[in-house]
Each structure stands twice: as C-alpha cells, then as structure tokens.
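S.K.: Pasting a structure below so you can have a look.
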C-alpha cells in the first residue's frame with residue numbers, strides 16, 4: 001500500500017516540477033523560504049492538479065490524516081533531494097513528535113505540521129514547537 005501513494009506522489013511531483021528560487025540554502029530564512037515554496041506547491045497539487053483524489057476513499061469518505069502526511073512527505077522529499085535540503089518525518093524535537101523537520105546544517109531548521117481542518121488538535125499542531133522569542 002505504501003508504494004501506491006509514494007508512486008502517485010512522485011508522479012505528481014515529476015509532472016509538476018518545482019525549481020526552488022534560492023540558489024544556495026544555508027540560513028533558517030533560506031530553509032523557511034524553500035519550505036514555503038514546497039507547501040505552496042503541495043497546495044497547488046492538492047487544489048489544482050488532482051492530488052486531492054488521493055485523500056478520499058471510494059464513496060467520498062476522507063482518508064486518515066496520515067495519508068495527507070505521507071503524500072506531503074513524498075512530494076517534499078523529491079524537491080528537497082533536488083535542492084540538498086534534509087527532510088525528516090515524525091521527529092521528536094523535545095516538544096513531542098513533529099510531522100516534518102526541514103534542515104540544512106544544525107541551526108537552520110523549519111518544523112511543519114500537517115493537520116486535517118476537522119482535526120480537533122489543528123490549533124495545537126500549528127503552534128507547538130514555535131520559538132518563544
């Protein structure tokens with residue numbers, strides 16, 4: 001089953017290439033800009049390119065949140081590999097498991113949570129792990 005979603009996400013990524021605008025990715029601002037482009041591309045693939053079909057079971061019932069997370073990882077992985085950005089799934093950053101960590105080096109990290117809008121923890125997931133600065 002894993003190979004099906006991975007193959008579909010990679011197919012969408014190949015058919016919808018994303019060339020990150022940053023020539024070198026070194027600082028946390030660079031990583032954030034790259035992640036923002038990846039998130040925007042994922043939104044495009046879901047909303048405009050038909051990837052949303054993978055988020056529903058036959059009959060129209062939504063799949064589990066982990067399906068969207070796996071699709072996001074497969075898409076993000078392809079773009080990160082091409083741009084030398086590390087992406088890790090389900091990392092424990094000290095604040096609990098975070099869906100995704102993007103990084104270049106040790107200090108340049110960006111955390112991403114993928115939540116269904118119907119998830120009762122959507123607000124907690126969007127604020128957990130934020131810097132207190």
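Since every read-out is calculated from the coordinates, none of them should be taken as a lab result. In this text, all values refer to a predicted model and were calculated from it rather than measured experimentally. Because the Cβ atoms are built from the backbone with ideal geometry, glycine has one as well, and the counts that use them run over all protein chains shown.
S.K.: At what distance in nm do the modelled label points of residue 64 and residue 39 sit from each other, each positioned 7 Å from its Cα along Cα→Cβ?
M.R.: Calculated label separation equals 2.5 nm.
S.K.: Still on this model: Just to verify a number: FRET efficiency for residue 27 and residue 91, C-beta to C-beta distance, R0 = 25 Å, to 0.05?
M.R.: 0.80
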